1. Restricting the search to segment 138-158, which residues are in contact with a strand residue (DSSP E or B) (Cβ under 9 Å, 6 or more places away or on another chain), exposed (fewer than 14 other Cβ atoms within 10 Å of the Cβ) and either touching a residue at least 24 places away in the same chain (Cβ under 8 Å) or not basic (Lys, Arg) (or both)?
2. For ALA85, which of the numbered conditions (1) at pLDDT 90 or above; (2) under 23 Å from GLU128 (Cα atoms) fails to hold?
3. Can you find a residue in segment 106-113 that is under 30 Å from LEU39 (Cα atoms), assigned to a strand (DSSP E or B) and not acidic (Asp, Glu)?
4. Out of (1) at pLDDT below 95; (2) among the hydroxyl-bearing types (Ser, Thr, Tyr); (3) surrounded by 14 or more Cβ atoms within 10 Å (Cβ to Cβ), the odd one out for TYR75 is which?
5. Among the residues of segment 80-107, which ones are of a type in the set (Val, Ile, Thr) and surrounded by 15 or more Cβ atoms within 10 Å (Cβ to Cβ)?
6. Take segment 113-137 and flag every residue that is surrounded by 14 or more Cβ atoms within 10 Å (Cβ to Cβ) and in contact (Cβ under 8 Å) with a residue 40 or more places away in the chain.
Amino acid sequence: MSVLLAACGSAPAVVEEPYVEEPVIVVTEPEPEVYTQELYDNTLAELREFIEGINQIIQRRDYNSWRGTLSEELYARFSSTEFLANASASPSLSSRNIVLRTANDYFIQVIVPSRANSRIDDIEFITEYNVRAYTIDNTRGRLVLYDLTRIDGQWKIAN
């Protein structure tokens, strides 16, 4: 931008303002991670074995072993009074007058009846160490079974 200044008795002077370049901000989405078919197949096989072990734990009603399959964050959530109160208020529990007070109550009243025969049909990588496991239901389609995370070389249920 140029500005013209005039002074008495002298020729007009042109004063140029310094050019200020506006920064160009380029937002790019990160490239999605590419996971090989071999990694997919190996992870799916590992997780099927892991879930089969969890099914056996649930069928035995072995709370302590089940507890060991959970991430610390998930166990803390299952143990929170807010979570237990919300779960207790659900129609399936409140209609039977079930009040959950502990994570063990949640295990016995919710997990045992609903997860004893789970199966993984498909997985989706969130990251290399975080995977969403799905089961395929003929009437309802692809359903999230678990979010799983690898911690210190072992798979844990994260959600």
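1. Listed by number, the residues that qualify are LEU143, VAL144.
2. Condition (2) is where ALA85 drops out.
3. No: segment 106-113 contains no residue that is under 30 Å from LEU39 (Cα atoms), assigned to a strand (DSSP E or B) and not acidic (Asp, Glu).
4. TYR75 satisfies all of (1) at pLDDT below 95; (2) among the hydroxyl-bearing types (Ser, Thr, Tyr); (3) surrounded by 14 or more Cβ atoms within 10 Å (Cβ to Cβ) except (1).
5. Of everything in segment 80-107, just one residue is of a type in the set (Val, Ile, Thr) and surrounded by 15 or more Cβ atoms within 10 Å (Cβ to Cβ), namely ILE98.
6. Within segment 113-137, ARG115, ALA116, SER118, ILE120, ILE123, PHE125, VAL131, ALA133 qualify.
The values are calculated or read from the model by the stated rules, or taken from the named source; none is laboratory data. Because the structure is a prediction, the values reported are computed rather than measured. Glycine also receives a Cβ, built like all others from the backbone with ideal geometry; neighbour counts cover every protein chain displayed.
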